[in-house]
1. Using every pair of alpha-carbon atoms in the chain, split the distances into 20 Å bins beginning at 0 and state the percent of pairs per bin, rounded to integers.
2. What's the local net charge at Val280, with K and R +1, D and E -1, over the other residues with C-beta under 13 Å away?
3. Taking the DSSP beta bridges in the range 197-340 as the whole, what percent of them are antiparallel, to the nearest 5?
4. Counting pairs of Cα atoms in the range 263-366, how many percent are more than 16 Å apart?
5. Under 5 Å between amide H atoms, partner at least 5 residues away or on a different chain: which partners does Gly176 have, H built in plane at 1.01 Å?
6. Sort out for me the Cα centre separation of the range 15-34 from the range 151-213, rounded to whole Å.
7. State which stretch of the chain is the longest one without any exposed trypsin sites (Lys or Arg not before Pro), exposure meaning a DSSP loop state and at most 12 other Cβ atoms within 10 Å.
8. Treating the beta-carbon of each Lys and Arg as +1 and of each Asp and Glu as -1, no other charges, what is the dipole magnitude of the chain about its Cα centre, to the nearest 20 debye?
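Each value in this text was obtained by applying a stated rule to the coordinates, not by laboratory testing. Fair warning: this is a prediction, and the values are worked out from it, not measured in the lab. Cβ placement follows ideal geometry from the backbone for every residue including glycine, while neighbour counts extend to all protein chains displayed.
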Amino acid sequence: MRTDRASADRLRIAVIASARYPIRQPFPGGLEAHTWQLAQRMRARGHDVTVFAGPGSDATLGVRELPALPPISDLARSDVSMPADWFLAEHHAYLTLMLHLGERDAPYDVVHNNSLHYLPIAMAASTTARVLTTLHTPPNPWLESAVQIPSADPVRFVAVSEYAAAQWRRRIPATGVVRNGVDTELWVRGPGGGRPVWSGRIVPEKGPVEAIRAARLAGTGLRLAGPTPDRAWFREHVEPLLGGGIDYVGHLDHTRLVELVGSATTAVVSPCWDEPYGLVVAEALACGTPVAGFARGALPELLDETCGVLAPPGDIEGLAEAIRRAATLDRDAARGHAERTCSVETMIDEYERHYRELAPTPVAAA
């Protein structure tokens, strides 16, 4: 095979994304935002990127929709072990995809598994291209089982933080780290001065109720933005706490979210679980907005004393004090920290390096 310099530099990349949520704005969560950013930036660098994602994803990403669940007969559904439809749908989507990636003529140099599913790891050895998997979550039984399947050509793993990597190194000693990045040309420094902001999926583990309680105690008010995937929980637990300076402003696209976060004195990040990264931290810092949060998961790794104040996990009084103190920090210092530690260009450089190490070496032109 003959290849010129341009084609040798260009990689054919298959990105395995979420099957459950579309990859489009406004994003359902940080994973979808990460995938969108990854695909857009790799394509901008001249690579041929195909994203395998759920229906309704952004067409500009070069998306091939993951297959929908075919009809399941009443007889099959009568089996007492019948799983939930969403579980079966994801299983079918990723099983079909991995069989496709194992075909001899699959036109990819490298596969980047950016999903949370076990099958792209368990079936990685069947693909014709080598596989890089980003670990976005702590270990769970499904993924731990998959990573322990022996393979002559094992998957390469990177985690989104040193905190997450340390958890996985018990099973995958060679786990690397590629931190999530944000576009510092999109997430620009804002003026601050407004009420604190909380952003993300409005679910119990993200701690919106704790953030509201702390903001009330601090006397600062709070604006919340993000999707509400469990409307019943939102109506029962969040809506009764709104009012008196606590407002839900909706699920915003990136443009409106940048304006909101940049207008706040402080970004409140209140996880009630051990966040493996926390993309909202990077977004806030890029806007020059200091962070007040709980010292859980990767948050202590992402901040220093110039741009954030952390309270013990679950300490509402401590978080209230952190909100007040974070408002006094220098916005330029927060922005500078983002530029040094969590820019999207640094993230893409690292992923591109991994891709080139995994991709087959082209045959030089004669």
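1. In order of increasing distance, the bins hold 28, 55, 17, 1 percent.
2. Neighbourhood net charge equals 0.
3. Among the beta bridges of the range 197-340, antiparallel pairing accounts for roughly 5 percent.
4. The proportion of pairs with Cα distances above 16 Å equals 59 percent.
5. Here Phe157, Val158, Ala159 satisfy the definition.
6. So the two Cα centres are separated by 14 Å.
7. Between exposed loop sites, the widest span is 171-366.
8. Value, rounded to 20: 280 debye.
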